[in-house]
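First the structure, in the form of structure tokens, and then the observations on it.
The values are calculated or read from the model by the stated rules, or taken from the named source; none is laboratory data. If you're wondering where the values come from, they're calculated on a predicted model, not measured in any experiment. Methodologically, a virtual Cβ is constructed for each residue, glycine included, from the backbone with ideal geometry; neighbour enumeration extends over all protein chains shown. These accessible areas exclude ligands, DNA and RNA; they are computed on the full protein's heavy atoms, side chains included. Shrake-Rupley method; radii C 1.70, N 1.55, O 1.52, S 1.80 Å.
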Amino acid sequence: MHVKKYLLKCLHRLQKGPGYTYKELLVWYCDNTNTHGPKRIIREGPKKKAMWFVLTLLFTSLVCWQWGVFIRTYLSWEVSVSLSMGFKTMDFPAVTICNASPFQYSKVQHLLKDLDELMEAVLQRILAPELSHVNATETLNFTIWNHTPLVFINEQNPQHPVVLDLFEDNYNGSASSGPAPERTCRAPGCKIAMKLCSHNGTTCTFRSFSSATRAVTEWYTLQATNIFSQVPNKELVAMGYPAERMILACLFGAEPCNYRNFTPIFHPDYGNCYIFNWGMKEKALPSANPGAEFGLKLILDMGQKDYVPFLTSTGGVRLMLHEQRSFPFIKDEGIYAMSGTETSIGVLVDKLERKGEPYSQCTMNGSDVPIQNLYSNYGDYNTTYSIQACIRSCFQEHMIRHCSCGHYLYPLPPGEKYCNSQEFPDWAYCYSDLRMSLAQRETCIDVCKESCNDTQYKMTISMADWPSESSEDWIFHVLSEERDQSTNITLSRQGIVKLNIYFQEFNYRTIEESAANNIVWLLSNLGGQFGFWMGGSVLCLIEFAEIIIDFVWITIIKLVALAKSLRQRRAQARYVGPPPTVAELVEAHTNFSFQPDTPAPSADPGPYVQEQAPPIPGTPPPNYDSLRLQPLDVIESDGEGDAV
């Protein structure tokens with residue numbers, strides 16, 4: 001009801017028209033506002049009026065300019081970084097350890113037999129092509145080779161490069177028609193490259209390398225990936241290094257531990273990895289005190305004698321420190337500890353706390369990232385979000401979209417398959433093209449967000465030979481007896497590693513982002529500029545808003561009146577001539593069916609023969625004096641007669 005009443009009042013006000021003009025409203029505002037300046041414009045003389053008008057306009061412009069600067073600075077969402085120090089008992093980080101070799105060669109040799117024979121033939125062809133020419137290819141299985149061969153590229157003539165397959169006697173791709181060159185390629189301009197083809201060999205590209213060592217390693221890794229992608233995960237785990245063979249001794253603070261205190265996961269790059277204090281099924285372990293005596297001590301056996309020779313060229317242990325429940329991307333963030341040494345790692349903790357939107361594009365748990373986190377349910381463990389997990393999940397999504405299969409190094413979404421040359425012959429070409437694509441990398445970086453809260457572990461590393469020459473014999477005897485129940489030494493310096501991981505101190509640093517310009521800063525600066533230049537306040541802004549509303553209301557009323565006037569003019573424009581008279585309107589509504597009979601013509605027309613009385617209408621109009629035009633004196637005499 002109240003709304004209807006107010007609407008009716010508004011309608012009546014529109015019909016009535018504006019009660020005052022723009023000029024009157026402006027004069028009223030200048031005379032009643034609390035802002036300095038406008039009052040002097042209407043109260044002073046002509047010269048001072050002009051002066052105060054210019055000053056008021058100038059200071060108003062300055063205020064608006066300063067307000068624009070402050071608002072733009074506030075909307076830039078800048079942050080300030082504060083560094084604070086803390087001292088308290090902290091949770092010990094999760095420690096992931098992996099062997100540099102993902103598999104034991106004795107258990108995967110049957111899978112790599114044909115590939116190893118090809119690799120040996122390739123090395124012979126590179127090192128001694130003359131000796132390996134005779135009967136070198138009779139026993140080789142070229143099924144693997146034909147998918148992705150290695151070639152020589154002679155670039156002595158950049159305009160006409162010459163391509164030579166390692167196991168062919170003729171050149172392909174030469175633009176010259178001269179005599180065939182020598183079969184070997186030993187010139188400085190020769191490079192070894194990997195040939196990647198798609199669409200049944202119709203589209204090919206060459207990925208060249210500056211070193212033959214790098215070329216054959218990349219080629220072997222690519223072919224091994226194709227083989228291992230077809231093996232079930234349980235079999236891959238059985239081919240890796242078991243924890244009871246790898247972890248010889250464990251001590252956390254004063255408490256003994258063993259391989260059962262480690263959580264196993266399978267990493268495609270490093271095989272079986274083991275995580276201490278991951279916090280998945282138990283509470284994270286705190287560190288009682290800083291120092292080496294209160295950290296984690298490990299003795300590991302890497303078993304280098306059983307490394308895959310062409311797949312792994314590095315010996316030692318790969319380790320990484322990370323937060324609880326986070327997935328260890330150990331290939332990118334881990335470090336190596338060398339065999340035959342004791343490696344001490346002192347840890348310092350940095351905690352990062354970033355501001356969320358709109359100050360930075362960070363996420364709390366990855367729920368607002370439009371990429372499915374393939375690492376969130378890795379195996380049987382629910383891991384937390386990280387930008388590394390997002391980028392790799394994004395790459396796997398692009399891989400499946402463009403190549404119709406997933407890469408072996410990344411987790412698979414449900415219902416998809418890993419790439420292999422039997423089902424997906426073009427996958428190597430597609431993978432190489434996608435890997436080198438700058439657009440793909442930029443797309444994933446733009447979509448993925450950093451975590452708002454992160455913990456980084458800064459490590460100080462020192463190494464020394466272990467065991468020493470004087471103690472090597474008895475240490476290896478004791479460790480061999482404990483693991484293998486053997487009186488003979490089953491360990492060697494080439495595989496043994498000792499690790500000491502501890503907090504250097506309990507001081508931790510917190511790097512926290514805060515808003516550089518908050519709403520209090522904005523309001524104080526806006527009010528300061530307004531008060532300094534014009535002596536105004538919030539009430540002055542309300543007054544100005546009031547006059548703006550009045551101006552708008554007057555404008556609406558005038559527009560309504562103008563529209564009404566235009567409609568009236570259009571209605572009058574329908575008549576071409578002058579408006580009709582009353583008699584014409586009466587004649588238009590006369591009912592001719594009630595006309596009286598016409599009298600018979602008389603023999604004597606009388607003196608007025610030429611004049612004939614108009615026909616009397618059947619229904620005469622009402623006798624309204626307002627419809628008759630009479631002289632003013634007649635009207636006055638009639639009035640007097642009535643009075644008498």
Point to revise | Cα-projected label distance for residue 200 with residue 464, points at 7 Å along beta-carbon direction, nm | key: 6.8
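Please compute the per residue accessible area over the range 363-451 with all protein chains in place, 1.4 Å probe, rounded to a whole number of Å². Mind dumping the intermediate values first?
Numbers: 4550 Å² over 89 residues.
For the range 363-451, the per-residue accessible area is 51 Å².
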Practice item. Tell me the label-point distance for the pair residue 507, residue 473, using the 7 Å Cα-to-Cβ offset, in nm and rounded to one decimal. Key: 4.7
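Quantify, in whole percent, the carbon and sulfur part of the accessible surface of the range 279-364 (1.4 Å probe; protein heavy atoms only). Please report the intermediate quantities before stating the final value.
Values: 1970 of 3780 Å².
Solvent-exposed carbon and sulfur of the range 279-364 make up 52 percent of the total.
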Review point. So how much slack lies between residue 563 and residue 48, counting 0.36 nm per residue of separation and subtracting their Cα-Cα distance, in nm?
Key: 181.2 nm
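What ranking of 52, 466 comes out by heavy-atom accessible area, probe 1.4 Å, highest first?
Working: 52 65, 466 30 Å².
Result of the area sort, largest leading: 52, 466.
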Check your understanding: What FRET efficiency comes out for the pair residue 87/residue 254, r = Cβ-Cβ distance, R0 = 22 Å, nearest 0.05?
Key -> 0.45
**Study point:** Label-zone membership for the range 213-245, site residue 423, 7 angstrom Cα→C-beta point, backbone N under 17 Å
**Key:** 225-236
Exercise for review: Starting from the Cα-Cα distance between residue 211 and residue 360, subtract it from 0.36 nm times their residue separation and give me the gain in nm to one decimal.
Suggested key: 49.4 nm
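With a cut-off of 8 Å between alpha carbons and a minimum separation of six or more residues, what is the relative contact order of the range 363-451 in percent?
Details: 103 pairs, mean separation 31.2, N = 89.
After rounding, I find 35 percent.
Calculate the dipole size of the range 363-451 relative to its Cα centre from +1 charges on Lys and Arg beta carbons and -1 charges on Asp and Glu beta carbons; express the result in debye to the nearest 20.
Charge dipole of the range 363-451: 80 debye, to the nearest 20.
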Check your understanding: What shape does the range 363-451 have by the C-alpha gyration tensor, where a ≥ b ≥ c are the square roots of the eigenvalues, rounded means a/c under 1.5, and otherwise prolate means a/b greater than b/c and oblate the rest?
Key -> oblate
Review point. For the peptides 493-504, 289-300, what is the packing order when you average, over each peptide's residues, the other Cβ atoms within 10 Å and list the highest mean first?
Key: 493-504, 289-300
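Length gain on complete extension for the stretch residue 160 to residue 351, per 0.36 nm per residue less the alpha carbon to alpha carbon distance?
Numbers: separation 191, 0.36 × 191 = 68.76 nm, distance 5.68 nm.
Roughly 63.1 nm would be gained on extension.
Near residue 55, within a Cβ-to-Cβ distance under 12 Å, what is the net charge of the other residues, with Lys and Arg +1 and Asp and Glu -1?
+2
Between residue 141 and residue 107, what FRET efficiency comes out of the Förster formula 1/(1 + (r/R0)^6) with R0 = 22 Å and r the beta carbon distance, rounded to 0.05? Mind showing how you got there, number by number?
Details: r = 21 Å, r/R0 = 0.95.
Between residue 107 and residue 141 the formula returns 0.60.
Estimate the FRET efficiency between residue 416 and residue 4 by the formula 1/(1 + (r/R0)^6), using the beta-carbon distance for r and 60 Å for R0, to the nearest 0.05. If you can, show how the numbers build up before the last one.
Numbers: r = 63 Å, r/R0 = 1.05.
That pair, residue 416 with residue 4, gives E of 0.40.
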Practice item. Quick one: pull the percent of accessible area on the range 472-527 belonging to carbon and sulfur, 1.4 Å probe, ligands and nucleic acids left out. Key: 51
Review point. Nearest 20 debye, what's the magnitude of the dipole of the range 427-539 about its Cα centre given +1 on Lys and Arg Cβ and -1 on Asp and Glu Cβ?
Key: 500
Review point. Within the range 238-277, whose backbone N sits under 16 Å from a point 7 Å along Cα→Cβ of residue 288?
Key: 251-257
